[in-house]
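Beneath this line is the structure, given in structure tokens, with notes to follow.
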Amino acid sequence: VAFYKKTYSHVAGGVLVFILFEYLLLQSDAIVEFMLSMIDGYKWLLVLGGFMLITTYAESTAMKTADKNKQYLMYGLYILAQAIIFIPMIYIAAFYMETGAQILQQAALVTLSLFTGLSAVVLLTKKDFSFLRAGLTIGFFIALGLIIAGMIFGFDLGLWFSVGMCLLAGGSILYQTSEIVNKYTTEDYIPAALGLFASLMLLFWYILRIFMSRD
């Protein structure tokens, strides 16, 4: 129980740090303009490539080391990377849409509700969802291929792609929570929180896209 409390308190802390990072980054016109200039075509592929490298490095390093300071550093690095990649979408929602503030609030509420519900399913039933790993891996590779193809050939992946990604993110939350129950040791609460936070932010990204597509 103490391990669960530590893990989810670190996820909550990650969300708060993300909000702080996002607020500070949005105060810089230079950073905002740079990120907005990177959202088209091949430039966004470079951003996604850099984000994936940071994600892989942070997750692998946090899992391999027992040094809590290094684990916190990797968690912070990953949160910063998430805050940077979210800049264009949150800026557009907040400053270009009439109901932008409501959209952000609604997307955040739906995301947290789904995250809480999916986590509760695993924690209460103790069911092992490790069987989802192969399907999630295949699904994410297919999604990555579609994203790259969309950017190269200039077509919009549309609403149903976002819905499909929400399903993948939900599966990832089930899998990560199952790993917390069945795999992690009681000292692995920081890597566990990092994995959960990653799934949470993926879900938020595509729920926000769905809400923005309706406006």
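The values are calculated or read from the model by the stated rules, or taken from the named source; none is laboratory data. The structure displayed is predicted, hence computed values, not measured ones. To get the accessible areas, we keep the full protein, side chains included, count just its heavy atoms, and leave off ligands, DNA and RNA. Shrake-Rupley method; radii C 1.70, N 1.55, O 1.52, S 1.80 Å.
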Which value results for Rg/Rh of the chain when Rg is the Cα radius of gyration and Rh the Kirkwood radius based on the inverse mean 1/r?
0.95
Report in % the part of the accessible area of the chain that belongs to carbon and sulfur, leaving out ligands and nucleic acids; probe 1.4 Å.
69
Can you send over the solvent-accessible area of Asp29, 1.4 Å probe, protein chains only, in Å² to the nearest 10?
110
Restraint check, Lys43/Lys70; Lys6/Lys43; Lys6/Lys127; Lys70/Lys127, Cα-Cα greater than 27 Å:
Lys43/Lys70; Lys6/Lys43; Lys70/Lys127
Taking the Cα centroid of the stretch 51-85 and of the stretch 133-173, what is the distance between the two, rounded to the nearest whole Å?
23
Computed, not fitted: 222 nm per-residue ellipticity of the chain from DSSP H runs ≥ 4 (each -39500 (n - 2.57)), nearest 500, equal to -30500 deg cm²/dmol
Would you kindly find the accessible area of Ile19, with a 1.4 Å probe and non-protein molecules such as ligands, DNA and RNA excluded, rounding to the nearest 10 Å²?
100
Residue-normalised value, i.e. accessible area per residue, for the chain at 1.4 Å probe, in Å², stands at 53
Yeah, the stretch 35-95 with a ≥ b ≥ c from its alpha-carbon gyration tensor (a/c under 1.5 is rounded, else prolate when a/b outruns b/c, oblate otherwise) is oblate
For the stretch 160-171, just list the computed ³J(HN,Hα) in residue order, Karplus coefficients 6.51, -1.76 and 1.60, θ = phi - 60°, integers in Hz, with x standing in for Gly and Pro.
5, 5, 4, 4, x, 5, 5, 5, 4, 5, x, x
